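Structure first, commentary second.
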There are 2 protein chains.
Amino acid sequence: MAEELSERSQNILEAIVEDYIVSAEPVGSRAITRRHSFNLSPASVRNVMADLEEMGFLCSPHTSAGRIPTEKGFQYYIDSLLQIRDLSPREKQELQKNYRFNGMKMEEIMPEVGRVLSGLSKYAGLVMAPKFTSTVFRQMEFLRLSRGQLLVIYVSESGLVQNKVIEVAEDLSQQQLEQISNFLNQELNGLTISQVRSKLEDELKEERVRFDEMRKNALSLSRVALQDEVVNQIYVSGASLMLEQPEFATPQSMKRLIQTLESKQLLIDLLDRSQQAQGVQIFIGSESRQAELEGCSLVTSSYSNPKGVVGTLGVIGPMRMDYSKVIPIVDFTAQLLSRVLDRDLE
Amino acid sequence: MAEELSERSQNILEAIVEDYIVSAEPVGSRAITRRHSFNLSPASVRNVMADLEEMGFLCSPHTSAGRIPTEKGFQYYIDSLLQIRDLSPREKQELQKNYRFNGMKMEEIMPEVGRVLSGLSKYAGLVMAPKFTSTVFRQMEFLRLSRGQLLVIYVSESGLVQNKVIEVAEDLSQQQLEQISNFLNQELNGLTISQVRSKLEDELKEERVRFDEMRKNALSLSRVALQDEVVNQIYVSGASLMLEQPEFATPQSMKRLIQTLESKQLLIDLLDRSQQAQGVQIFIGSESRQAELEGCSLVTSSYSNPKGVVGTLGVIGPMRMDYSKVIPIVDFTAQLLSRVLDRDLE
DNA sequence: TGTTAGCACTCGTGACCATTGAGTGCTAAC
DNA sequence: GTTAGCACTCAATGGTCACGAGTGCTAACA
């Protein structure tokens, strides 16, 4: 996989990728010798370019145009040539200024982060909330709304709040409900929702629930409360910025892009994948095997609180996006958001 | 305003509008005589068309093209010529099948309604949640999360639930919190949030709060809990369907449309306006004085529960949208959603 | 007097074509 | 190994031209 390239080839590949990133146009041998001062003539550069094309790092849209990097070319560039310098404290401060989360709720923070990500990167920002099933149980409370109707409030370890109205057959007093929630908060504390679910199933089968009315109520109530899969929420911001990019200049490609960003399921799947890993991850082009995202790249990072990963955020842009700028932004934003969640817990 | 048109002019205007709605292209005199069997020659139709143009109902993109209806033309068509037949029970049933709200929370129902609206109309669906400040207070509960941190749950008369984490200086026991919420639920029941806010301000100034610790806590807690304006939530679905429309075929118009739909503020303003009125409302083109929505029309209706209007929904499409199809869809969907909310309350 | 056929005119569209220029590959000389 | 030179390719640009849909006007007709 990791082919060896001579120093010269590397330099030229780097030059081509970087020129292409700013111009979005095929770059020719002449242009390279002009912009970068290799002591080489266009003809020599051409020889190298022919080799690089042979190896699959470059391709030409037609004979008389310059070369553009292929997916493989970008891959190599990112893996081996790109050096991402860390942000200076000053830059970090500058970046941080954009984020004002004071007193915001999670539901407000997330789209806001998306907006800022997109504003800073000039591409589209993505923020995905935690998967409900992987959150850790902390607290559950019940509120009697009317006869047979309860409001359930579930608070996860990471401070996420979910509420839901459920219907119940029998009318329970607020006191009974409190008893129930005390019981549950002790029993279920520290388990993930998936764990909670199987525990509930098991216990409901057990002998003793028959004789313990409260226990039975508690278990079945919480089962109902937690049963539905809450769909993953994803926030997409700045789709229109993507339309400014020359690769999406034609009506067809615009349509496809917007459709893809709008359907969200695809994005959720992609972000889900990156959920596992630590740090910044990069998906280049249709590496994701998703034809819809052809020509796009995704830079993501998961964010977390002390209890673990809670969600994923990132930037989606054209394959030729300015990685050296976007990667630190995504990285730092994830750190920042993690810090906010951390602070919120205490 | 309501100019008089001869029967013949009306017929021809109607024919032009309807042809234009399906073709999206300028319609010429010849085409009209072919498609509709007026016993008139193209030349006569041309005379009428010239008159209609004079009066501002039509315009021609250039001399040798047909005519297209102006905003005023559409306005007249909708006000005077269009007859919207009610849906048959069968159609209603058919439509209703698309909506499955069982057990869904408001936050899930709204985007779902948007998706269905857009799917049925083939244009973009809009659904806006109620304005927080105009909801009616029903219940407020506090949950101690940790030292100095409370989760506030607010339930409106219409069953909307909002929660928020607030920071408090003193550590209140769950018992104290219950006392507080009991007090508030009595005091504030039935008031809108705006009314609640001014009441809180007034009472906090009063003498007796000084001597009644609980009262003071209650008032200031609820003030903090209700102080922030929760941004209006609006769900836009099916933006990509709009891109299929020939009026948005050029890259520029696509970009503008997507930008407009993405920014949301404009849409919120428009839907806000329609919030007041009962029944279906139609905004044609830049009638809204919003250059951004040039070429678009908006068909909206507010939905309500027994306590009053709670939100607005609608369809945004090209000015030449199929009103006779869209209007009943929007109307019936609003009724349907109102019914769901009604049922939910009981 | 209202209707219509005829006709000259307008103007966007699409085909065709020549020109231009950026870029390539190859070869031969350095 | 490098480079200058050269023939070749091909997208893009812009100009010309024919076509056709549609118009407005006029004169003839019922």
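Every read-out reported here was derived from the displayed coordinates using simple, explicitly stated rules and does not represent laboratory data. These numbers were taken from a predicted model, which means no experiment stands behind them. Methodologically, a virtual Cβ is constructed for each residue, glycine included, from the backbone with ideal geometry; neighbour enumeration extends over all protein chains shown.
Things to note:
- Label-point spacing at A:GLN174 relative to the other copies reads 1.3 nm, in ascending order, each point sitting 7 Å out from Cα along Cα→Cβ.
- Put in line by how crowded their Cβ is, counting other Cβ atoms within 10 Å and starting with the fewest, A:VAL309, B:VAL116 read A:VAL309, B:VAL116.
- Two-decimal ratio, region B:144-230, of alpha-carbon radius of gyration to 2.2 N^0.38 Å: 1.05
- Residue with peak Gaussian network fluctuation, chain B [Cα springs, cutoff 10 Å], from B:ILE109, B:ILE268, B:ILE153: B:ILE153
- Radius of gyration, Dmax [the protein assembly as shown; alpha carbons; angstrom]: 30.1, 91
- Considering only B:GLU53, B:GLU170, B:GLU178, the mean-square fluctuation computed in a Gaussian network model of chain B, springs between alpha carbons under 10 angstrom, is largest for B:GLU170.
- Annotation for region B:238-346: trypsin sites (Lys or Arg not before Pro) lying in DSSP loop with at most 10 further Cβ atoms inside 10 Å of their Cβ are B:ARG289.
- Net charge of neighbours whose Cβ lies under 12 Å from the Cβ of B:MET128, counting Lys and Arg as +1 and Asp and Glu as -1: +1
- Helix-only CD estimate at 222 nm, as mean residue ellipticity for chain B, using -39500 (n - 2.57) per DSSP H run (n ≥ 4): -15000 deg cm²/dmol
- Cleavage-rule hits, trypsin sites (Lys or Arg not before Pro), region B:5-113, DSSP coil, Cβ neighbours within 10 Å at most 11: B:ARG85, B:ARG100
- Base-10 log of normalised Debye intensity for region B:56-119 (one unit scatterer per alpha-carbon) at q = 0.16, 0.23, 0.26 Å⁻¹: -0.77, -0.93, -1.04
- Long-range amide H partners of B:ARG67 with built H, under 5 Å: B:VAL27, B:GLY28
- With K and R counted +1 and D and E -1, the other residues having a Cβ less than 10 Å from that of A:SER324 yield a net charge of 0.
- Relative exposure of B:SER304, B:SER6, judged by other C-beta atoms within 10 Å (fewest first): B:SER6, B:SER304
- Across the copies of the chain, B:ASN185 has label points (7 Å from Cα along Cα→Cβ) spaced 1.7 nm apart, shortest distance listed first.
- Taking each residue as 0.36 nm, the span from A:THR133 to A:GLU178 lengthens on full extension beyond its C-alpha to C-alpha distance by 13.8 nm.
- Mean sequence separation of contacting Cα pairs (under 8 Å, at least six apart), scaled by the length of region A:110-219, corresponds to a relative contact order of 23 percent.
- Mean separation of Cα contacts under 8 Å (6+ apart) over length of chain B, as relative contact order %: 18
- Using the Cβ-Cβ distance between B:GLN93 and A:SER44 with R0 = 51 Å, the FRET efficiency computed as 1/(1 + (r/R0)^6) comes to roughly 0.10.
- Loop-located GluC sites (Glu not before Pro) in region B:199-229 (DSSP state other than H, G, I, E, B) with a sparse environment of at most 13 neighbouring Cβ atoms within 10 Å: B:GLU206, B:GLU229.
- Within straight-line cross-link reach of B:LYS205, aspartates and glutamates at Cα separation under 19 Å, skipping those fewer than 8 residues along the same chain: B:GLU187, B:GLU213
- Centre separation in Å (Cα based) which lies between region A:216-246 and region B:75-100: 33
- Calculated FRET efficiency for the pair A:GLN265/B:ARG8, C-beta based, R₀ 41 Å, to 0.05: 0.15
- Extension gain, B:VAL22 back to B:LYS199 (0.36 nm per residue minus Cα-Cα distance, nm): 58.2 nm
- Fewest-first sequence of A:MET128, B:MET254, B:MET214 by Cβ atoms within 10 Å of each Cβ: B:MET214, B:MET254, A:MET128
- Within a Gaussian network of chain B (alpha carbon springs, distance under 10 Å), most fluctuating of B:ILE84, B:ILE327, B:ILE282: B:ILE84
- Dmax and Rg, reported as Rg then Dmax, of region A:70-200 (C-alpha, Å): 22.2, 67
- For A:ARG115, label point 7 Å along C-beta direction: distances to other copies, nm: 2.6
- Here the contact order of region A:34-193, divided by its residue count and restricted to Cα pairs under 8 Å and six or more residues apart, works out to 14 percent.
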